[in-house]
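Asks: I'd like to ask you about the structure that follows.
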Amino acid sequence: MAATLCRRFFGALRVSGVLQASPAACFPRLTLNLLHKNTTKVEPIYQCKFLHTTLSRKGLEEFFDDPKNWGETVVKSGDEWHAKHLRNKSNEDLHKLWYVLLKEKNMLLTLEQEAKRQSLPMPSPERLEKVEKSMGRIDLVIKEREVALRLLQTGHENPRPGEWRNDFLGRTYWYNAKEWPIPWYLNKKYNRRKFFYSPRVKHFIRLRIEQHLKKQARMKSLEKKKQLLLQKKFPHLAAQSQN
Amino acid sequence: MRLTTLLAMAARVKLPPDYRHGVYRPWTAAAKANNPPGRRRKKVFVEPISKEDWKVFRGDTVEILIGKDAGKQGMVNQVIRARNWVFVEGLNTHYCYIGKTADYPGTYIAREAPLLLRQVALVDPTDRKPTEVEWRYTEEGERVRVSLRTGRIIPAPVHQRRDGIIPEQWKDGPKDTSVDDALDRTYQPSLKIFEEEILELQGIVEMRRAKKSYWY
């Protein structure tokens, strides 16, 4: 009785198309429960005017490669994107390319993790390097454009304001400004910091300078000693340097 | 420190200043076994040859001047610049057993020994004899190696890509961009920042105004 009920239940599910045979040729232990393509899409009740979403119904398939490549040990891939080609592309193209590369990267990372899980070598791991490098170059190109614009408009390359300041030990360093909600004269935490030093510190500044000069002199003499030793070992170098 | 920076630091192999480079590359297991951290070996003096002066590359034909196989010509297999080493394919070999286990004696193979840069010379293509070579510039401005005896340009070896692709024989796959699309110039310089342009294209109108903040 229970067996017949189960069979009819499964039959009903098969008719509605919820249960689907998973095409997991590459990873036999991994089963995919992909939603069948003909299930109705639930429309949202409210209007999404300002929300931009992809209308792709592909879903989880995009985390995996083309089924033809499943089980292959070598998957061929083309050249990566170079900075000189990316500089000729508009911002819109770069924006789209970024997301295409991101999805490819997610697919390759899934593949890498699954290969690790099954103790198998990942097919063509250079693809991941290529994608990461291309994404880095897109970021570089966009940063270059931003820096160029900022230089034109403000004359500064650095997005973050800063200045040279002394600390309480008399050392001079580049202070990067922080974004605060309140002005400096109301900021208790900021006012506790000391950007000046007392007169007693002058003696120690001199000592620090001495230390630095001594270190430089030591490094210079070490270089000279090394050069002499090299010239003893390779006599022709002495003749070359004279020329 | 950021996690990504930490991971990148761990991935990069940090070598001590007195590291002795061997036949195996520093990131390989064999090199790590031979040079565990804290191991200090006697210093080996390497003739300082600058990057610009280096003349021998992988794929070049060279002749060995000194050694067991003196007078023979071969193709350069591998170059280790840290020790000024050059490995010539099939020449200057010694024999050893590898893959030895308790019951298996191992495979008897010929292994190339490294040669110093001074012990090899580039071969002139005209008379196929070893020559002294110099870096010079052509009329077009290209930097080439010129043989001092005959004055002939020694062509650079064919550079093979690490992923094994030969650009002339390449056929685009489904995920590859076509050559025309890749070289198409769509950039229009404007005074808009990337973010502003994307907001405009997507039709997103930012009605929020940033609260006043102080930078110090």
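Asks: With the condition kept exactly as written, say whether any residue in segment A:110-122 is open to solvent by less than 90 Å² (accessible area, probe 1.4 Å) and facing another protein chain (nearest Cβ under 9 Å).
Replies: Of the residues in segment A:110-122, the ones open to solvent by less than 90 Å² (accessible area, probe 1.4 Å) are A:110-112, A:114-115, A:118, A:122.
Add one more test, that the residue is facing another protein chain (nearest Cβ under 9 Å), and what stays is none.
No, segment A:110-122 contains no residue that is open to solvent by less than 90 Å² (accessible area, probe 1.4 Å) and facing another protein chain (nearest Cβ under 9 Å).
Asks: Output yes when any residue across segment A:72-79 is within 23 Å of A:GLU129 (Cβ to Cβ), among the acidic types (Asp, Glu), open to solvent by 60 Å² or more (accessible area, probe 1.4 Å) and modelled with pLDDT under 95, and no when none is. Talk me through it step by step, then tell me what you get.
Replies: Going residue by residue through segment A:72-79, those that are within 23 Å of A:GLU129 (Cβ to Cβ) are A:72-79.
After this cut, where a residue has to be among the acidic types (Asp, Glu) as well, the list is A:72, A:79.
Those left that are additionally open to solvent by 60 Å² or more (accessible area, probe 1.4 Å): A:72, A:79.
Among the residues that remain, those that are also modelled with pLDDT under 95 are: A:72, A:79.
Yes - at least one qualifying residue is present in segment A:72-79.
Asks: Further question: Name, by its number, the condition in (1) open to solvent by 50 Å² or more (accessible area, probe 1.4 Å); (2) closer than 26 Å to B:VAL23 by Cα that does not hold for B:LYS129.
Replies: With respect to (1) open to solvent by 50 Å² or more (accessible area, probe 1.4 Å); (2) closer than 26 Å to B:VAL23 by Cα, B:LYS129 is out only on (2).
Asks: What do you reckon, is B:GLN202 exposed (fewer than 13 other Cβ atoms within 10 Å of the Cβ), among the polar types (S, T, N, Q) and either in contact with a helix residue (DSSP H, G or I) (Cβ under 8 Å, 6 or more places away or on another chain) or more than 8 Å from chain A (Cβ to nearest Cβ) (or both)?
Replies: Taking the combined requirement at face value, the residue does not satisfy it.
Asks: Could you run through segment B:47-66 and say how many residues are in contact with a strand residue (DSSP E or B) (Cβ under 9 Å, 6 or more places away or on another chain), open to solvent by 50 Å² or more (accessible area, probe 1.4 Å) and not hydrophobic (A, V, I, L, M, F, W, C)? Steps first, answer last, please.
Replies: In the first step, residues of segment B:47-66 are kept if they are in contact with a strand residue (DSSP E or B) (Cβ under 9 Å, 6 or more places away or on another chain); the result is B:47, B:52-66.
So of that shortlist, the ones also open to solvent by 50 Å² or more (accessible area, probe 1.4 Å) come out as B:52-53, B:55, B:57-58, B:61, B:65-66.
Narrowing further to those that are not hydrophobic (A, V, I, L, M, F, W, C): B:52-53, B:55, B:58, B:61.
Qualifying residue count for the region: 5.
Asks: Next up: Can you name every residue in segment B:206-216 that is more than 8 Å from chain A (Cβ to nearest Cβ) and either under 22 Å from A:GLU146 (Cα atoms) or surrounded by 12 or more Cβ atoms within 10 Å (Cβ to Cβ) (or both)?
Replies: Residues satisfying the conditions are B:GLU206, B:ARG209, B:ALA210.
Asks: So, in segment A:186-233, how many residues would count as being basic (Lys, Arg) and under 16 Å from A:ASP167 (Cα atoms)? Explain how you work it out, then say what you get.
Replies: Pass one, segment A:186-233, residues basic (Lys, Arg): A:188-189, A:192-194, A:200, A:202, A:206, A:208, A:214-215, A:218, A:220, A:224-226, A:232-233.
Filter again for under 16 Å from A:ASP167 (Cα atoms), leaving A:189, A:192-194, A:200, A:202, A:206, A:208.
The total comes to 8.
Asks: On to the next question. Select from segment B:172-189 the residues that are outside any helix (DSSP H, G or I) and facing chain A (nearest Cβ under 9 Å) and list them in ascending order.
Replies: Step one: filter segment B:172-189 for residues outside any helix (DSSP H, G or I), giving B:172-178, B:184-189.
Answer for segment B:172-189, where residues must be outside any helix (DSSP H, G or I) and facing chain A (nearest Cβ under 9 Å): B:ASP172, B:GLY173, B:PRO174, B:LYS175, B:ASP176, B:THR177, B:ASP184, B:ARG185, B:THR186, B:TYR187, B:GLN188, B:PRO189.
Asks: Look through A:GLU223, A:GLU146, A:GLU157 and report the one residue that is within 30 Å of A:TYR99 (Cβ to Cβ) and open to solvent by 100 Å² or more (accessible area, probe 1.4 Å). Walk me through how you get there before you give the answer.
Replies: Details: A:GLU223 fails: within 30 Å of A:TYR99 (Cβ to Cβ); A:GLU146 fails: open to solvent by 100 Å² or more (accessible area, probe 1.4 Å).
Residue meeting the stated conditions: A:GLU157.
Asks: Also, quick follow-up: State the number of residues belonging to segment A:82-93 that are more than 8 Å from every other protein chain (Cβ to nearest Cβ) and in contact with a helix residue (DSSP H, G or I) (Cβ under 9 Å, 6 or more places away or on another chain). Step through it out loud before you land on a result.
Replies: Within segment A:82-93, the subset more than 8 Å from every other protein chain (Cβ to nearest Cβ) is A:82-84, A:86.
This time we only want the ones that are in contact with a helix residue (DSSP H, G or I) (Cβ under 9 Å, 6 or more places away or on another chain), so: A:82-83, A:86.
The qualifying residues number 3.
The values are calculated or read from the model by the stated rules, or taken from the named source; none is laboratory data. Worth saying up front: this structure is predicted, and the values here are computed from it rather than measured. Cβ: placed from backbone, ideal geometry, glycine included. Neighbour counts: every protein chain shown. Ligands, DNA and RNA are excluded from the accessible area calculation, which covers all protein heavy atoms including side chains. Shrake-Rupley method; radii C 1.70, N 1.55, O 1.52, S 1.80 Å.
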